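To keep things clear, I will list the structure first and then write my remarks on it.
The values are calculated or read from the model by the stated rules, or taken from the named source; none is laboratory data. Because the structure is a prediction, the values reported are computed rather than measured. Neighbour counts are summed over all protein chains in view; Cβ atoms, including those assigned to glycine, are modelled from backbone coordinates with ideal geometry. We work out accessible area using only protein heavy atoms, side chains counted, and drop any ligands, DNA or RNA first. Shrake-Rupley method; radii C 1.70, N 1.55, O 1.52, S 1.80 Å.
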Amino acid sequence: MEELQIKVAQAVHVLNHDSQSCNRVAANQWLVQFQQTDSAWEVATSILTSDHRSFRTDFEVEFFAAQILKRKLLTQICLALSSLMLHAVEHSKPIEQLFYSLQNLQTQDDGNIAVLEMLTVLPEVIEDQSADCNISSARRGEYGREVRAGCFSEIPPSSLPTHPLLSFVFNSLQVALSFDLAIEVLIELVSRYEGVPQVLLCRIGYLKEVLLLPALTNGDEKVIGGLACLMSEIGQAAPSLIVEASSEALAMADALLSCVAYPSGDWEIADSTLQFWVSLASYILGLDADSGRKRKHVEDMFFSVFSALLDGLLLRAQVDDSTINDDTGALDLPDGLAQFRVNLVELLVDICQLLRSATFVQKIFFGGWMTSNEEISWKEVETKMFALNVVAEVVLQEGQTFDFSVIMHLVTILSSRASNELKGFVCIVYRSVADVVGSYSKWLSAFQTNARPLLLFLAAGISQPQSSTACASALRKLCEDASAVVYEPSNLEILIWIGEGLEKRHLPLEEEDEVVSAITLLLGFVPSKELRNSMLARLLCPSYESIGKLIDDAHGHSLRHNPATYTQILNSAVRGLYRIGTIFSHLAAPLSSGPAADDPTLVLLGVFCPVLEKLLRSDHMENGSLSVAACRALSQAIHSSGQHFVTLLPKALDCLSTNFLAFQSHDCFIRTASVVIEEFGSKEDYGPLFISTFQRFTYAASIMALTSSYICDQEPDLVEAYSNFASTFVCGCPKVQAKQVELLDQHCDMFQEVLAASGTLLEASLQKAAICCTAMHRGAALAAMSFMSCFLEVGLTSLLESTTCVLERSFDAMAIQVVSHSGEGIVSNVVYALLGVSAMSRVHTLPIEYLKQGEAEALVPVWLKALAGAATDYVESKSCDGGKNTLTPELKTTLDKVVTSHKVVLFMKGNKDFPQCGFSHTVVQILKSLNVPFETVNILENDMVRQGLKEYSNWPTFPQLYIEGEFFGGCDIAVEAYKNGQLQELLEKALCS
């Protein structure tokens, strides 16, 4: 008990005195939960009756304990009153009699406080009266609704304004001791009874003139905050009354504007009004189109209100001089202001829509805050940049351009400052201006003269921790939106200077990725391959140097003797690999498979692969971060280079599998091998290589050790990586019977032989999956089940397509063999995963001991019968539509319309501007080189389209090229036809027809 008392005392002290808002919130949540426990009464009594004081001398703990007892006593009284009411069925209006008694209580000492306390507690406990009542639940519910709304449900609306109890509560606002309770009761009534808001709106003049204005003059924040909450609730409950723009409604809007502008230290008063303004703005914006004239009238009526509101919000959202001081080195906004701004975003967007972007931006730039004759108010600048950035989407959608010379003036001033001057609040200003530059980059870069100042501004800001994120993001957007303007030689030098300095800046990896992506995207527009390769070499030079230090034979052993130096070099190598991977992700593979010595992708690949191979074969790969970075770079290189990586497959898979056997905690090697299989699984010549890789992974010690669900839970990432690799292995090659192209027939035959030869491996992997699907870890269990489903789907599809007989070495025969050997274990483990104790413990609504004694024997046969029935239905549905049930009639109609609406359509991974696989890259470049207008469809955005297309075209891989509504082929066929000129000829005929 004493320990719990100490915890209560500590929580109360944190709530009342801690400077961190997050700590105060946590303490308040704990105290609220504590008050609901059974021990709260005993602890409170012990605190108040203790002979020795172990708490602070300000009695705050004793006060809290007294509040608990007071609340508990009130609850008990209200429970008794509720029970009496519910049992008093002989009275026609028991609630009216109850509230009549409460009115009589007002004449006694402290009666007003007692009545208000009762009104705050009574609605909370009425519903606790349940089974012990001898009246029907319907009757009890009726009384419950009446009590929640007080006695007002029995009063005609015309008499409500003069009701004595409402008048009593309203008048209690004038008494300091009862003010808080009166506000609480009125807010409760406003939210529960629809007639009360209109009544209180009629008394808004009294609230404003008698209570609010004196409080604003005297700085009484308790009264201001309480009235702000009450008026906000009134407006939210009845926005239709407010938009009528009556004198009372406008008076309330004016009163709330005063509350917004009041400079409270923690922004809570202004924050409490935001929901009212949001609900009002949303109501006006949501008026039906049929009532357009009415909406225009309402907007005109409230234009001045929202205009004044914007002024007040911009003033209130500024940093107060008392909350931030450059001399202390403060580098971020106060917690209260930061949260206020988060809540402010939606309202600013609504205001911009109501006032229109032209007016909004004009108010942002109005006021002479950037004239050369006055000292710049950086706090005002920072707030207005925040607002301008928030509404960027609305401003850009309306499409009305503005004179952003003010922004460029700020850019020039800030970028001209010395680096030692970019500290304190100036860094926050820098960040806000950078956000605006990123949001409006397309408009700001419309003038070529702006490009260089913008780049210099962002280059300086990237070096500062406080503004680096915003500047890196803005640089990426600028290079995307203004590539034609920025890639001039002088601007390229600035970009390369930024890239060369990344090694020294030590930015977070996400920000480095933004910067490198921006530079690489821009280099892609440089027409001169020689210049582009030179720039790339300079950009990559620090990365290769950092990796070279790590794998240099001269330092390979001595570095480890100095842990600090070795760690530093490791981190530099990791960053270098991340930069190389990012560059690969934005480079496109060349069109032809022949030599192209000057192509950037091949040049980079030729330099990178020997370095990476040497790194992968070194002992340094035991470092987890280095392994992940190397695998990421290799994956990006595969995606970018496409078919040009084929000759490197043996070395790549050998390095990956060898490293996994050496460092089996690094699942990144398996994940990268999955990328290889996914990209090149269609290369039948490498079937034996894929099988040997699968074999090395499957029989690795860590995979063989997955013998129970407990072990799977200890290694969920490994389970996911291996299961996904096995799924990719099964699904990575064509599995349909080709009828269109002889090449595909041969390809499928080879695929069948490859999978048939891997029967033992698939059987072992399927058995592992059956174990792993029972794991508690959701990701591991789902990955295992996904592989099992994938294997069974492929096997069943192949079996149904064998219309004549099952060949001895076919995948059909292998699937039958694997399932026959593993079927019993698969079924038992799937049932256990679905119904077992381990699965049920994840479902909180069911008891842990779900299967009682004897139920397993009864349920398992039922489940087996259900599974058998489902399998029969599945086979029948497959047989009826030729085994192709993913192509629905609706989807077929959609695809027909897509391929016939355009001369040339390419279904691909990604789009023409950003392909997401090497083969898609290649076909896009072929079409672009032929100057052919074509449309692209990103299959990654819709899995139904992705699967349905395989049946629609009878072609299992992507990309898929359609010409004049007819399927032409995939990447290999497109490349071959491009080389022999057939593709050009066919496209010319199509475009001329």
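What list of ³J(HN,Hα) couplings, whole Hz, do you get for the range 437-445 from phi and the Karplus terms 6.51, -1.76, 1.60, once you set θ to phi - 60° and write x for glycine and proline?
So the J values, rounded to whole Hz, are 4, x, 5, 10, 4, 5, 6, 5, 8.
If I ignore ligands, DNA and RNA and count only protein heavy atoms, how much of TRP443 is accessible to a 1.4 Å probe, in Å² to the nearest 10?
50
Could you check the simple spin-label distance between GLN36 and LYS222, using points 7 Å along Cα→Cβ, in nm with one decimal?
2.8
Give the long-range amide H neighbours of GLY969: residues separated by 5 or more places, or on another chain, with amide H under 5 Å away, using H modelled in the peptide plane at 1.01 Å from N.
Amide H neighbours of GLY969, under 5 Å, 5+ apart: LEU961.
Counting only the heavy atoms of the protein chains, how much of ARG671 is accessible to a 1.4 Å probe, in Å² to the nearest 10?
Spelled out: ARG671, probe radius 1.4 Å, area about 90 Å².
Hey, which of these cross-link pairs are over 26 Å Cα-Cα: LYS384/LYS504; LYS442/LYS897; LYS651/LYS950; LYS477/LYS979; LYS912/LYS950; LYS768/LYS950?
In this structure, LYS384/LYS504; LYS442/LYS897; LYS651/LYS950; LYS477/LYS979; LYS768/LYS950 exceed 26 Å between Cα atoms.
Using only the Cα atoms of the range 633-699, build the gyration tensor, take square roots of its eigenvalues as a ≥ b ≥ c, and label the shape rounded, prolate or oblate: rounded if a/c is under 1.5, else prolate if a/b is larger than b/c, else oblate.
The shape class here is oblate.
Starting at the first residue of the range 295-311, write each ³J(HN,Hα) from the Karplus equation 6.51 cos²θ - 1.76 cosθ + 1.60 with θ = phi - 60°, in whole Hz, x for Gly and Pro.
Result, rounded to whole Hz: 4, 4, 5, 5, 4, 5, 5, 9, 4, 5, 5, 6, 5, 5, 4, 4, 4.
Using a 7 Å offset from the Cα along the Cα-to-Cβ direction at both ALA308 and ALA418, what is the distance between the two label points in nm, to one decimal?
4.8
With a 1.4 Å probe and all protein chains kept in place, how do ARG617, ARG538, ARG575, ARG778 rank by accessible area, largest first?
Solvent-accessible surface, decreasing: ARG778, ARG617, ARG538, ARG575.
Which ³J(HN,Hα) values, rounded to whole Hz and listed in residue order, are derived for the range 213-228 from phi using the Karplus coefficients 6.51, -1.76 and 1.60 in 6.51 cos²θ - 1.76 cosθ + 1.60 with θ = phi - 60°, glycine and proline given as x?
3J(HN,Hα) across the range 213-228, in whole Hz: 4, x, 5, 5, 5, 8, x, 7, 5, 5, 5, 4, x, x, 5, 4.
Determine the shape class of the range 933-992: with a ≥ b ≥ c the square roots of the Cα gyration tensor eigenvalues, call it rounded for a/c under 1.5, and otherwise prolate if a/b is greater than b/c, oblate otherwise.
Because a/c hits 1.5 or more and a/b exceeds b/c, the range 933-992 counts as prolate.
Please calculate the 1.4 Å probe accessible area of TYR686, with all protein chains present, and give it to the nearest 10 Å².
For TYR686, solvent-accessible area is about 50 Å².
Name the long-range amide H neighbours of ALA317: under 5 Å, sequence gap of 5 or more, or other chain; modelled H, no Pro or chain starts.
Amide H to amide H, under 5 Å and 5 or more residues apart or across chains, ALA317 pairs with nothing.
What is the set of long-range amide H partners of VAL904 at a cut-off below 5 Å, with H atoms built 1.01 Å from backbone N?
GLU935, GLU964
Ranked by accessible surface with a 1.4 Å probe, highest first, in what order do THR900, THR37, THR582 come?
THR900, THR37, THR582
Keeping the other protein chains in place, figure out the carbon and sulfur percent of the accessible area of the range 889-992, with a 1.4 Å probe.
49
In Å and from the alpha-carbon atoms only, list the Rg and Dmax of the range 889-992.
12.7, 38
May I ask you to list the residues of the range 463-481 whose amide nitrogen lies under 16 Å from a point 7 Å from Cα along the Cα→beta-carbon direction of VAL345?
The answer is 470.
Run the numbers for LEU315 and ALA358: contour at 0.36 nm per residue of separation, minus the present Cα-Cα distance, in nm.
Length difference between fully extended and current span is 13.5 nm.
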